[in-house]
Amino acid sequence: MNVDIYVNALGFCGPGVGSVDALSRAFAGENIDVPADWRPEPETLPRRQARRLSAATLTAMAAAEQVAGVLTSEAPWVFASSCGEGDTLNTILAALCQPEIMLQPVRFQNAVHNAAQGQFSIVAGSTGPATSIAAFDDSVAAGLLKCLMQMQIEQTVCGLVAFDEPLPPPLHERRPYDLTLAGALALSPQREEGSIARLSVSSGGDRPVTDPAALRGPSHILTSNNPVRFLLPVLAAVRGIWTEPVVLALPGGGTLAFRAEVL
């Protein structure tokens, strides 16, 4: 596969870095101040409702709303997450181990992998198709591949959100990573008036995967082991910070390679 797609908007949310502009400044060497009580606050979500949602969902929504303005309400979305609602899953598993299972009903509706996608579609009034994908460390590449297929087959714009939050103990021992992160892209199969970059994409081939730690910048994010880190070289390439091709591993073998041209 060899195809060109276009990027119309970028989004990012993480501790001390609430936008792609802030992330770009961090790549340029600006110091990052991470508040001890950091918690994502999506602008489109009422605070009362936000208190009921996990950090994973809130971070995903904060990144998604940064790109939603350039997409129509009928546009498809892909939400990619390695573990999804890990904190809620842990709470339910712990409750099942107790003699009396005590769980709030809201925990069940937020336990599913597509909870973030569902909550965002309601708030944003999104009526288009939505996909939730999990592929361990390759979740970012799997999400991008799904967007590529949907754009080429249906000739439609598409929104991508990649997000993950650390798992609490004891699950953390089996799947350890730090920080809650989310990144987003608004993509199009054709160049539009507001397009900011062209991505030339190819698949297949035995190529070394790009190591996000090779980027300069926020070491607490680049070395967090969060699967979202694999999206960082793509964001950096779109902003003209990373000039080499970006290669991501696909589930089951193979790769996706991206070369960006800033418009």
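The values are calculated or read from the model by the stated rules, or taken from the named source; none is laboratory data. Note that the coordinates shown come from a computational prediction; the quantities given were computed from them, not determined experimentally. Note: ideal-geometry Cβ built from the backbone for every residue, glycine included; neighbour counts use all protein chains shown. The protein model used for the area step is the full one, side chains on, heavy atoms only, and it has no ligands, DNA or RNA in it. Shrake-Rupley method; radii C 1.70, N 1.55, O 1.52, S 1.80 Å.
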Estimated dipole of the range 42-188 in Debye, rounded to 20 [Cβ of Lys and Arg +1, of Asp and Glu -1, Cα centre]: 340 debye
With N residues in the range 30-79, Rg(alpha-carbon) / (2.2 N^0.38 Å) equals 1.35
What nm distance separates the two modelled labels at residue 31 and residue 98, each placed 7 Å from Cα along Cα→Cβ? 4.4 nm
Cα-projected label distance for residue 153 with residue 136, points at 7 Å along beta-carbon direction, nm: 2.5 nm
Once the Cα atoms of the range 1-145 are picked out, what are the Rg and Dmax in Å? 16.9, 57
Built amide H within the under 5 Å cut-off of residue 128, gap 5+: 75
Put +1 on the Cβ of every Lys and Arg and -1 on every Asp and Glu Cβ in the chain; which of 246, 5, 135 then has its Cα farthest towards the positive end of the dipole? 135
For the range 235-251, Karplus couplings with θ = phi - 60° (6.51, -1.76, 1.60), whole Hz, Gly/Pro x: 4, 5, 5, 5, 8, x, 8, 10, 9, 8, x, 9, 10, 10, 7, 9, x
For the chain, what value does the Rg/Rh ratio take when both radii are computed over Cα atoms and Rh is the Kirkwood radius, given to two decimals? 0.96
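Full extension from residue 225 to residue 213: what is 0.36 nm times the residue separation minus their Cα-Cα distance, to one decimal in nm?
3.3 nm
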Quickly rank 56-62, 220-226, 81-87, 170-176 as a protection proxy: mean count of other C-beta atoms within 10 Å, highest first. 56-62, 81-87, 220-226, 170-176
Cα-centred dipole magnitude for the chain, charges only on beta-carbon of K, R (+1) and D, E (-1), debye, nearest 20: 140 debye
Kindly sort 244, 192 by accessible area of their heavy atoms, largest first, with the probe set to 1.4 Å. 244, 192
